[in-house]
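Worksheet for the structure shown next.
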Amino acid sequence: MALLDWISSDHDLRLTGDGVRLRPHRSSDFEEWAALRSASRAFLQPWEPTWPIDDLTRGAWRRRLSAYAHDIERGLAYPFLVFRTSDNAMVGGITLSNIRRGVAQMGTIGYWAGQPFARQGHTLAAVRAVTRLSFERLGLHRLEAACIPSNDASRGVLTKAGFTQEGLARAYLRINGIWEDHLLFGLVSPTPASQHRGEDVLV
């Protein structure tokens, strides 16, 4: 599927959860996305990689959408924006990335929430929706996630979503300019691996 087709059709990727709906990014989302990220910068920056200088510009947005389209067409990642169903407000984002097939059949979940919408259950609902996508539609066997030990909110989301803390990785990711230790979490599909569809890809 071509880039413009993917942007216009959402690649048939629309998910729902408890009080939220998820869909891929669109060109028309830029202003709302940039406003939410800008207003939440101080809240988000301690938990994220250092933002590029031009991160909130239209040029960077276009590059972001192009990269997302490339990844989704190859089945490497599925990025979503998260919206509150009650008023269609954008509340954050979530991505299933680093998808590995073959003997692994796994992927990694990462997410963010705008400060005005934090601790309201939206991220938990989004994680559960992407978990269902991963296991029921993509046929993955395992999901992984990580968070800085001091990020109690993220740890709580993962625990409530059924993830198990599996270990600690030293200097795991460069966050806000510092190589930070991360807690590692995992979740295995309740469906036996022999019943997974494995190489299925959304089209």
Which condition breaks for Phe43 when tested against (1) without any contact (Cβ under 8 Å) to a residue 40 or more places away in the chain; (2) not in a loop (DSSP other than H, G, I, E, B)? (1)
In segment 135-153, which residues are closer than 15 Å to Phe163 by Cα, touching a residue at least 40 places away in the same chain (Cβ under 8 Å) and not aliphatic (A, V, I, L, M)? Phe135, His141, Arg142, Glu144, Cys147
Given (1) touching a residue at least 24 places away in the same chain (Cβ under 8 Å); (2) of a type outside the set (Lys, Arg); (3) buried (at least 18 other Cβ atoms within 10 Å of the Cβ), number of the condition Thr95 does not satisfy: (1)
Here are some residues: Thr159, Thr191. Which one is modelled with pLDDT under 95 and of a type in the set (Val, Ile, Thr)? Thr191
Restrict the check to segment 58-73 and report whether at least one residue is part of a loop (DSSP other than H, G, I, E, B), modelled with pLDDT of 95 or more and among the acidic types (Asp, Glu). no
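Sort through Trp112, Trp33 and tell me the only one that's buried (at least 16 other Cβ atoms within 10 Å of the Cβ) and in a helix (DSSP H, G or I).
Numbers: Trp112 fails: in a helix (DSSP H, G or I).
Unique residue meeting the criteria: Trp33.
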Leading residue by the ranking (surrounded by the most Cβ atoms within 10 Å (Cβ to Cβ)) among those in segment 51-91 that are of a type in the set (Val, Ile, Thr) and closer than 16 Å to Gly110 by Cα: Val82
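Looking at segment 75-101 only, could you name the residues that are in contact with a strand residue (DSSP E or B) (Cβ under 9 Å, 6 or more places away or on another chain) and outside any strand (DSSP E or B)? If you could, list the steps in order and put the result at the bottom.
Filtering segment 75-101 down to residues in contact with a strand residue (DSSP E or B) (Cβ under 9 Å, 6 or more places away or on another chain) leaves 75-85, 88-100.
Within segment 75-101, Gly75, Leu76, Ala77, Thr85, Asn88, Ala89 meet the criteria.
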Scanning segment 115-138 for residues that are surrounded by fewer than 20 Cβ atoms within 10 Å (Cβ to Cβ) and either of a type in the set (Asp, Glu) or not in a helix (DSSP H, G or I) (or both) gives Ala118, Arg119, Gln120, Gly121, Glu136
Out of Arg14, Arg21, Arg26, Arg37, I need the residue that is at pLDDT below 95, among the basic types (Lys, Arg) and within 16 Å of the chain's Cα centre (by Cα). Which one? Arg14
Gly186 modelled with pLDDT of 95 or more and in a strand (DSSP E or B): yes
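With respect to Thr191, determine if the residue is over 28 Å from Ala35 (Cβ atoms), of a type in the set (Ser, Thr, Tyr) and either more than 17 Å from the chain's Cα centre (by Cα) or surrounded by 15 or more Cβ atoms within 10 Å (Cβ to Cβ) (or both).
Working: over 28 Å from Ala35 (Cβ atoms): yes; of a type in the set (Ser, Thr, Tyr): yes; either more than 17 Å from the chain's Cα centre (by Cα) or surrounded by 15 or more Cβ atoms within 10 Å (Cβ to Cβ) (or both): yes.
Taking the combined requirement at face value, the residue satisfies it.
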Expected output for segment 161-190 (first residue under 17 Å from Arg128 (Cα atoms), partner assigned to a loop (DSSP other than H, G, I, E, B) and modelled with pLDDT under 95, Cβ below 9 Å, 6+ apart or cross-chain) is Ser189/His196
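The values are calculated or read from the model by the stated rules, or taken from the named source; none is laboratory data. These numbers come from a predicted model, not from an experiment. Note that we place each Cβ from the backbone using ideal geometry, even for glycine, and neighbour counts take in every protein chain shown.
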